[in-house]
1. Through the Karplus equation 6.51 cos²θ - 1.76 cosθ + 1.60, θ set to phi - 60°, convert the phi angles of segment 89-100 into ³J(HN,Hα) values in whole Hz; use x for Gly and Pro.
2. Starting from the Cα coordinates of the chain, work out the convex hull volume and express it per residue in Å³.
3. Ignoring ligands, DNA and RNA, please state the percent of accessible area on the chain from carbon and sulfur, probe 1.4 Å.
4. Hey, what's the chain come to in accessible area per residue, 1.4 Å probe, Å²?
Amino acid sequence: LEADLVDEIASTSMACFDDFEAMSAISMLYFTAAIYLEESIRAGKPTGHLGFLLAADPRYREIVRTACTLARSPDKRHNLTATVRDLIAPCNTTGLCDPNRKNMYPYHTTQK
């Protein structure tokens with residue numbers, strides 16, 4: 001399950017290698033899941049049931065499937081970043097795919 005999800009994201013990114021915008025949009029699927037889980041762990045929330053990169057969450061798997069299907073069809077890639085932004089909205093805690101950020105996202109850590 002987890003390997004399949006990672007493979008879908010990675011292989012779609014490679015399939016979009018000639019289209020930076022599409023490749024960036026698909027990479028946000030990885031970053032959304034990684035950040036969401038890291039923030040949940042830091043907040044002390046249970047995450048084991050979600051699996052690696054949210055692979056056990058059927059809603060997130062559907063998000064990945066939808067975005068990757070669109071990205072693999074060059075004629076359907078228009079507005080892919082906006083589509084991915086809308087799809088990841090429920091777990092996008094850091095404003096990924098915000099066009100004003102131009103793919104530059106600050107990272108903050110809290111030392112304990």
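1. 3, x, 10, 8, 8, 10, x, 4, 6, 6, x, 5
2. Details: hull volume 11.5 nm³, N = 112.
Convex hull volume per residue, Cα atoms: 102 Å³.
3. Details: 4040 of 7060 Å².
That fraction is 57 percent.
4. On the way: 7060 Å² over 112 residues.
Here the residues of the chain average 63 Å² of exposed surface.
The values are calculated or read from the model by the stated rules, or taken from the named source; none is laboratory data. A quick note: this is a predicted structure, and the numbers were derived from the prediction, not measured. For the accessible areas, the whole protein counts, side chains as well, though only heavy atoms, and no ligand, DNA or RNA atoms are used. Shrake-Rupley method; radii C 1.70, N 1.55, O 1.52, S 1.80 Å.
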